[in-house]
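Read through the structure below, which is laid out as structure tokens, and then see the notes.
The values are calculated or read from the model by the stated rules, or taken from the named source; none is laboratory data. A quick note: this is a predicted structure, and the numbers were derived from the prediction, not measured. In this analysis, Cβ positions are derived from the backbone assuming ideal geometry, glycine residues included, and neighbour counts consider all displayed protein chains. The protein model used for the area step is the full one, side chains on, heavy atoms only, and it has no ligands, DNA or RNA in it. Shrake-Rupley method; radii C 1.70, N 1.55, O 1.52, S 1.80 Å.
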Amino acid sequence: MLDALERNAPFPGAPRVGITGAPGAGKSTLLDALVRGLRATGETVAIAAIDPSSLTTGGALLGDRIRVRSSGRDPGVFIRSMAARDRLGGISDVAWAGVTILAAAFDRVFVETVGVGQSESDIAPLVDTLVYVANPGSGDELQYMKAGLLELPDVFAVSKADLGASADRTASELESARGLVDRAATAWSPPVLRVSARDGTGMAELLAALDAHRRHTLEAGLLEERRRRGARAHVVESLRRRYGSHGLERVGSAPGIDERMSAEPQRTSFAWVEVLSREIEDALRKPA
Amino acid sequence: MSDPVAPKRDRPWVFRTYSGHSSARASNALYRNNLGKGQTGLSVAFDLPTQTGFDSDHPLARGEVGKVGVPVSHLDDMALLFEDLPLDRMNTSMTINATAAWMLALYVAAAERSGVDPKLLQGTTQNDIVKEYLSRGTYIFPPGPSMRLISDMVAYSVSAIPKWNPINVCSYHLQEAGATPAQEVAYAMANAIAVLDAVRAREDVPDSSIPQVVGRISFFLNAGIRFVEEICKGRAMTELWDEITRDRYGVEDPKLRRFRYGVQVNSLGLTEAQPENNVIRIVLEALGVTFSKNARCRALQLPAWNEALGLPRPWDQQWSLRIQQILAYETDLLEYDDLFDGSRAVEAQTAELKRAAREELDRVIEMGGAIAAVENAYMKQQLVASHTRRTRAIESGDLTVVGVNAYTEAEESPLTTGGAQSILVVDESAERAQVESLEAFRRRRNDAEVAAALRGLSDALANGDNVVPPSIRAAHAGVTTGEWADALRVVFGEYRAPTGVGVRLAGDLSPETERVRERVRGLSDELGRPIKILVGKPGLDGHSNGAEQIAVKARDVGMEVVYEGIRLTPEEIVQSARDEGVHVIGLSILSGSHGVLVVDVMERLREAGAGDVPVVVGGIIPEVDAQKLRAAGVQRVYTPKDFDLTRIMGEIVDVVAESCAAA
């Protein structure tokens, strides 16, 4: 079914927008305001909230961060939280499947995840546009820059703009740091927006920035390329988790997989995972 | 007492009983009855719709009207509540927070209408929003606007109703939520500092009146069964408050630096098993806060022995009042100077508590104060963690609770053989009668005056004027509780507080927990994905400690937990359950409205085609109600006697396994 969904999905289909940032940065509140805005225009919205699992017990707490109240009685809003179950290495199959299904059924899909560091590079391949929500005065963005993740987001949203000075300071820090990243390949300079879900500041600008980024990536052919890279990441990460790097080598590792996927672009990532899994299992059964 | 020569005695504290139910008329009769028995002050319990700013006929109020307290929707309700009671001589404590400014306005308006000068009014509005975010859950507005309401009330009452305590800084609910004594002390102080800083920053409060403001801040404490520690806690807070008000606010008059506090002794430790033992617990806890002359409470309210079973009857409340009277009038407690001055053990423990509390207080102030520590979930997470340690200690037996995890062999209690008769059953027709009287009130008021008063209120909100005077005008004009709160919602917005259950704790390593973990793993493998549970709190009840502990434990045994916090409608719960694809739903309700809300959830699940998702329920649920819930399809019902969370988790795994086998 997943294979059929991915194969028959019209391009570009529903926009897939990632929302990421440190705990307490205001992601849920911002998302709530975005959803309200979009619902007012009639768009249906799905949210996939991806939480890191507890590594010791495998248990996970989901939905704690979702405070999207507008969803209560509205069938046009769907929220599904998922654990990034077998973490350390990549986003789970479940998340891939979830986003594929949601994109087929809703006008827009948000993928929300917490944390600074690994989780951004995890969800980046899942989405068309990545928004980083910066928490003024928290020092989180400093960690973010240090972690070398500044090149990932397509839009920076400095939350709690109603706080004034500290939001301005965070915004100017991000603006100056942004200049250090080479963006020649995409010709897109990520805007730094001051937003406040509380008084509505910057919400229209944020929606406009999401649309502008989508237009830009579509017109420049970047979106197709991004989806292709996403599909590749899905295949490579799924196989790596199942068979390890050792198993992955049997099908030529990432470059080999890349080549084969480019040669047969009509085959979906879910189909590739199946095909290559069989090949790896066959190869592992034979002596090297 | 029969001594021919009566020795000189101190004046006793104020005796109160937290009470109110069904309607203003029924509660008025109850108050007069209690005062007739020797109670010396009133403590008004409001129902949840009143506390959360809804009229009795609002859809969210369904099943909650008159349940945990009295419904007050307008001035006539308030006037009726105090009919034939001398407002100029009463000392009235109101457990009211988000809508405190409105209840105060109604009280002042009721006094004015009956010809009493508001300057003579004495009493307390609880008005502590921080602990609502942390534990009790009846907040409405975000922290910023809530602090504005509190500081408006302080600024107003200091001049207009000078004997009123506009805020009662509560550490009571923090202990209920699991706080250690040091946390209880630290967070209460942080909270008081947040209020005083907000008042000090106001332009309409001159610096010269800050000592008077400080003098009006009172506290509301909990007293647990470790009563020696409680003695020390009272002494530590008395000393700390003296130091803080002197050093931070420059109050020179020592009388204005006095730590004044009321107490409700602990309900968390009251047990459902062998409930007669609770009387002994209540006596010892009462002793803890009255023993020290230097740190004696100003007012005391005792719970009833059967509160873990349901709502207490008048006789149960009378028994608790008699405890106070015997302590104050029969014993020689009030004839002596402070009994602990010079006690090395008490002084050492007091000093240690002060030190630990100071350390935690500094940490909170460092991160920006009490409000910042609410918004970033720090305090909530600390409380959830402390509470988890406590529940684990009871499960493991490290903490002895007689009749619960030790000495459980017992004769049948003659006190509880009456079944439904051993608790108060609220008349189900009370809600309908209240709604009818509200409709009649709306018909007889002048709509133009109401509209004008609401405009005045909105203007004051927008202009930053003090909210109390236009609220008093609105009370006279016939505005209702829901209309007042809606006017504020428009300007302030509503708030969802962090749940704190994201706190990271080491897993419970007991073999019992490990066994449940293995079963969760096994069943998850069969299901193809981890067991997913929705923990939901339907209705207006905000006591979320139980739900939080279930959420933390479920994660600890390896389940995926969806917990979205308090005050959800049955519709929202059903939509979450369906969207999230959960295997089981756990509902928690402590307000007594389980009958209506649980059945509503079950019906909506069936309508949504999710009738096969099993439901378990926890709360203060009398056995007769539990039978009804089981008949309605609820798989398991848990009550306060079910302290063993590991066992509960094991049973939830059973329930999921059964429902999968049936599917």
ask   = For region B:505-529, how many residues are facing chain A (nearest Cβ under 8 Å) and open to solvent by 20 Å² or more (accessible area, probe 1.4 Å)?
value = 4
request  = Would you check if B:Gly342 is free of Cβ contacts under 8 Å to residues at least 40 places away in the same chain, away from chain A (no Cβ under 14 Å), assigned to a loop (DSSP other than H, G, I, E, B) and surrounded by fewer than 18 Cβ atoms within 10 Å (Cβ to Cβ)?
outcome  = yes
inquiry  = Out of everything in region A:262-271 that is touching a helix residue (DSSP H, G or I) at 6+ places or on another chain (Cβ under 6 Å) and in a helix (DSSP H, G or I), what residue ends up being least open to solvent (accessible area, probe 1.4 Å)?
reply    = A:Ser269
key: Scan of region B:575-585 for residues that are more than 9 Å from chain A (Cβ to nearest Cβ) and over 27 Å from the mean Cα position of the chain (by Cα), ordered by number   = B:Ala577, B:Arg578, B:Val582, B:His583, B:Val584
query = From the set of residues in region B:376-385 that are surrounded by 19 or more Cβ atoms within 10 Å (Cβ to Cβ) and in contact (Cβ under 8 Å) with a residue 60 or more places away in the chain, which is nearest to the other protein chains (Cβ to nearest Cβ)?
reply = B:Ala377
query = Can you tell me which residues in region B:600-619 are open to solvent by less than 40 Å² (accessible area, probe 1.4 Å) and on the phi < 0 side of the Ramachandran plot?
reply = B:Asp600, B:Val601, B:Met602, B:Leu605, B:Ala608, B:Ala610, B:Val613, B:Pro614, B:Val615, B:Val616, B:Val617, B:Gly618
Number of positions in region B:472-504 that are touching a residue at least 40 places away in the same chain (Cβ under 8 Å), under 26 Å from B:Met153 (Cβ atoms) and within 14 Å of chain A (Cβ to nearest Cβ) = 9
remark   = Going through (1) open to solvent by 10 Å² or more (accessible area, probe 1.4 Å); (2) hydroxyl-bearing (Ser, Thr, Tyr); (3) touching a helix residue (DSSP H, G or I) at 6+ places or on another chain (Cβ under 7 Å) one by one, A:Ser245 fails only at (3)
ask   = Mind checking whether some residue in region B:640-652 is more than 26 Å from B:Gly397 (Cα to Cα) and either in the same structural domain as B:His387 (by TED's automatic domain parsing) or modelled with pLDDT under 95 (or both)?
value = no
query = Taking region B:455-471 on its own, how many of its residues are open to solvent by 50 Å² or more (accessible area, probe 1.4 Å) and not in a loop (DSSP other than H, G, I, E, B)?
reply = 4
request  = Name every residue in region A:99-114 that is part of a helix (DSSP H, G or I) and surrounded by 21 or more Cβ atoms within 10 Å (Cβ to Cβ), in order of residue number.
outcome  = A:Val99, A:Thr100, A:Leu102, A:Ala103
ask   = For B:Val601, are the conditions met, namely being within 13 Å of chain A (Cβ to nearest Cβ) and aliphatic (A, V, I, L, M)?
value = no
request  = Take the residues in region B:346-375 that are surrounded by 21 or more Cβ atoms within 10 Å (Cβ to Cβ) and of a type in the set (Val, Ile, Thr), then tell me which one is farthest from the other protein chains (Cβ to nearest Cβ).
outcome  = B:Thr350
key: Cross-chain or 6+ apart pairs with Cβ under 8 Å, region B:599-622 first and within 19 Å of B:Ala662 (Cα to Cα), then among the acidic types (Asp, Glu)   = B:Pro614/B:Glu658; B:Val616/B:Glu651
task = Scan B:Val228, B:Val205 and give me the residue that is in a helix (DSSP H, G or I) and among the aliphatic types (A, V, I, L, M).
result = B:Val228
query = Quick check: is even one residue across region B:239-257 in contact (Cβ under 8 Å) with a residue 60 or more places away in the chain, assigned by TED's automatic domain parsing to the domain that holds B:Val346, surrounded by 19 or more Cβ atoms within 10 Å (Cβ to Cβ) and assigned to a strand (DSSP E or B)?
reply = no
Looking only at region B:386-428, and only at residues there that are open to solvent by 80 Å² or more (accessible area, probe 1.4 Å) and either among the basic types (Lys, Arg) or assigned to a helix (DSSP H, G or I) (or both), the one that is nearest to the other protein chains (Cβ to nearest Cβ) = B:Arg389
ask   = Of (1) surrounded by fewer than 21 Cβ atoms within 10 Å (Cβ to Cβ); (2) free of Cβ contacts under 8 Å to residues at least 24 places away in the same chain, B:Tyr638 satisfies all except one. Which?
value = (1)
request  = Take region A:1-34 and flag every residue that is over 13 Å from A:Glu112 (Cα atoms) and at pLDDT 85 or above.
outcome  = A:Pro12, A:Gly13, A:Ala14, A:Pro15, A:Ala33
note = A:His213 passes all but one of the listed conditions (1) at pLDDT 85 or above; (2) touching a helix residue (DSSP H, G or I) at 6+ places or on another chain (Cβ under 9 Å); (3) not polar (S, T, N, Q); the exception is number (2)
query = in contact with a Ser or Thr (Cβ under 9 Å, 6 or more places away or on another chain), buried (at least 21 other Cβ atoms within 10 Å of the Cβ) and modelled with pLDDT of 85 or more: does that describe A:Ile79?
reply = yes
ask   = Inside region B:507-523, can you point out the residues that are farther than 25 Å from B:Cys660 by Cβ and out of contact with any Asp or Glu (no Cβ under 8 Å at 6 or more places or on another chain)?
value = B:Leu509, B:Pro511
ask   = Does A:Arg278 satisfy the criteria of being open to solvent by 50 Å² or more (accessible area, probe 1.4 Å), under 20 Å from the mean Cα position of the chain (by Cα) and more than 27 Å from A:Leu31 (Cα to Cα)?
value = no
inquiry  = Can you pull out every residue in region B:555-574 that is within 7 Å of chain A (Cβ to nearest Cβ), outside any loop (DSSP other than H, G, I, E, B) and either open to solvent by 10 Å² or more (accessible area, probe 1.4 Å) or in contact with a helix residue (DSSP H, G or I) (Cβ under 7 Å, 6 or more places away or on another chain) (or both)?
reply    = B:Arg555, B:Asp556, B:Val561, B:Val562, B:Tyr563, B:Glu571, B:Glu572
query = Going by the structure shown, is B:Val491 under 28 Å from the mean Cα position of the chain (by Cα), aliphatic (A, V, I, L, M) and closer than 26 Å to B:His543 by Cα?
reply = no
task = Given the conditions (1) out of contact with any Leu (no Cβ under 7 Å at 6 or more places or on another chain); (2) surrounded by fewer than 23 Cβ atoms within 10 Å (Cβ to Cβ); (3) closer than 23 Å to B:Ser114 by Cα, report the number of the one that B:Pro59 does not fulfil.
result = (3)
